[in-house]
1. Does P158 meet the test of being at pLDDT below 85, more than 15 Å from the chain's Cα centre (by Cα) and in a loop (DSSP other than H, G, I, E, B)?
2. Is it true that G54 is modelled with pLDDT under 80 and more than 24 Å from the chain's Cα centre (by Cα)?
3. Does V149 satisfy the condition of being in contact with a helix residue (DSSP H, G or I) (Cβ under 7 Å, 6 or more places away or on another chain), more than 21 Å from M240 (Cβ to Cβ), at pLDDT 85 or above and buried (at least 18 other Cβ atoms within 10 Å of the Cβ)?
4. Can you say whether W209 is surrounded by fewer than 17 Cβ atoms within 10 Å (Cβ to Cβ) and among the aromatic types (F, W, Y), as far as the supplied structure shows?
5. Give the number of residues within region 45-68 that are surrounded by fewer than 16 Cβ atoms within 10 Å (Cβ to Cβ), more than 18 Å from L152 (Cα to Cα) and not aromatic (F, W, Y).
6. Return the only residue of A221, A197, A166, A267 being open to solvent by 40 Å² or more (accessible area, probe 1.4 Å), within 18 Å of the chain's Cα centre (by Cα) and modelled with pLDDT under 85.
7. In region 232-246, which residue that is in contact (Cβ under 8 Å) with a residue 40 or more places away in the chain and closer than 15 Å to W209 by Cβ is most open to solvent (accessible area, probe 1.4 Å)?
8. Within region 166-209, which residues are closer than 25 Å to F84 by Cβ and among the aromatic types (F, W, Y)?
Amino acid sequence: MAPRVPFRRKASNPEGRMALMEHFKELRNRLLIAAAAVFVGLCVGWYYYEDIAGFFMQPIEELAEKNGGTNEINYSAGGVTQAFTIKAKMSAVVGVILASPIWLWQFWAFILPGLYRREKLIAFGYFLVAVPMFLAGCALAIWALPTAVKTLLDAFIPEGGANFTAAEPYFAFVGNFILWFGIAFLLPVIMVAINHAGLLSGRVMLRSWRWATVGVLVFAALAAPDPMSMVTLTIPMMIMYFIACGIAMARDRMRKRKRPEWMETDADTASAL
């Protein structure tokens with residue numbers, strides 16, 4: 001009996017070629033792993049829900065104390081399952097944040113088999129950058145949340161008025177606010193990855209800064225519905241945009257120096273070869 005040879009599949013298929021159905025199976029497995037990681041994070045959020053909810057309630061509680069109780073959260077449930085829904089949604093947000101290293105890695109791991117060894121190392125580098133960038137965006141959102149709540153509940157209410165915020169829309173706003181900030185901070189990683197794939201040059205990215213500014217403002221308006229939060233999101237996004245353009249242009253110059261001179265010759269001109 002012949003001894004069992006480990007990694008036989010990899011040795012017989014060094015290029016990582018897969019049939020279409022195998023790609024779908026691989027995608028299913030990656031999604032299941034990502035979902036399982038988010039579920040584990042959800043369980044952690046479920047266990048610490050009281051502390052998490054109390055933390056995110058602080059901006060309204062401080063504002064209510066300042067205004068003599070005119071800003072409060074109304075915990076009256078609109079239905080039998082609403083209290084469960086609020087807890088499940090907030091726990092899911094915590095799960096997505098805690099499991100971000102897992103589901104981001106599953107995304108990169110899905111495309112790795114189609115890359116060469118050097119490209120795999122570069123893709124792994126993008127993953128190492130994407131995780132802290134996403135977490136940094138979430139952290140910035142948590143830092144900006146009290147200002148956003150104060151602006152929305154204090155600046156737009158006429159004198160003598162009151163705002164009794166229902167728990168479900170408030171916690172939905174908090175969850176969306178944090179996740180949108182995290183996704184926004186992935187923008188520079190995506191831009192550099194597109195440039196590395198040769199789909200867009202750094203100079204073209206830089207020339208498109210006006211359109212990029214409009215897109216960032218629209219994105220910030222959807223993610224942060226008050227002026228202060230829009231500024232808090234827009235400024236770092238534009239700074240990261242120009243940093244990504246600079247990195248892409250530097251990569252373009254390096255790529256051009258490595259490119260043989262005969263490849264720059266016009267199609268109608270004879271090369272030195």
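The values are calculated or read from the model by the stated rules, or taken from the named source; none is laboratory data. Everything quoted here is computed from the prediction, not taken from an experiment. Cβ coordinates were reconstructed from backbone atoms using ideal geometry, including for glycine residues, and neighbour counts include every protein chain displayed. Protein only, heavy atoms only, side chains kept; ligands, DNA and RNA dropped before computing areas. Shrake-Rupley method; radii C 1.70, N 1.55, O 1.52, S 1.80 Å.
1. Numbers: at pLDDT below 85: yes; more than 15 Å from the chain's Cα centre (by Cα): yes; in a loop (DSSP other than H, G, I, E, B): yes.
When the stated conditions are applied, P158 passes them.
2. Numbers: modelled with pLDDT under 80: no; more than 24 Å from the chain's Cα centre (by Cα): yes.
Taking the combined requirement at face value, the residue does not satisfy it.
3. Numbers: in contact with a helix residue (DSSP H, G or I) (Cβ under 7 Å, 6 or more places away or on another chain): yes; more than 21 Å from M240 (Cβ to Cβ): yes; at pLDDT 85 or above: no; buried (at least 18 other Cβ atoms within 10 Å of the Cβ): yes.
Answer is no for this residue.
4. So W209 fits the description; yes.
5. Here the count works out to 3.
6. Sole residue among the options that is open to solvent by 40 Å² or more (accessible area, probe 1.4 Å), within 18 Å of the chain's Cα centre (by Cα) and modelled with pLDDT under 85: A221.
7. I243
8. Y170, F171, F173, F177, W180
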